[in-house]
Amino acid sequence: MKKIRITLILLIIAVCFIFSACKVRFSEKYQFIDSEENIDAISIVKISYNDSSELIQTDIKTIDDKDGFLEKFRSVGCYIYFGDPVGPDSIEAEDKVIKINYKNGNYELINYCGQSEYISEKNKLSFYAGFNVFDKEQFEALISEYVTEEQ
């Protein structure tokens, strides 16, 4: 009986360890889809969907101080999610995301829960491009520094 208890406890510990390792793990730095040197512009956009389920992007604010924004962006807690990838998706009527435009025409949309990538050569937006998630409160505070609630 004692041997069964010990085995059961070890099994429970192993299962807890496996599940905790699959969710979130700290990452030192967000990995952009392209290098930071190739960033052409940064903006805050509002995403939503029309009746045909097509993604609509509305520019809210263009970031003039790219380097200052990137410094603040790097301070937001970033984690790697070990599970099904997620991407910016307007679960509600609309959502505000960060749009990073690159010199080659590609861009990425970054939300606290994931990233999407647009590849200009394929004219295609891939909704599940990354496994990074951010601290929601810190991410939303960063966006709030640049836009108001009404925007």
Task: Residue list for the range 121-134, restricted to those being closer than 14 Å to residue 98 by Cβ, at pLDDT 75 or above and not in a strand (DSSP E or B) - done: none
TODO: Of all residues in the range 60-81, count the ones that are assigned to a strand (DSSP E or B) and at pLDDT 90 or above.
DONE: 4
Task: Members of the range 35-58 that are at pLDDT below 85 and assigned to a loop (DSSP other than H, G, I, E, B) - done: 50, 51, 52, 53, 54
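The values are calculated or read from the model by the stated rules, or taken from the named source; none is laboratory data. All of these numbers come straight from a predicted model, not from anything done at the bench. Reconstructed Cβ throughout: ideal geometry from the backbone, glycine too, with neighbour counts over all protein chains shown.
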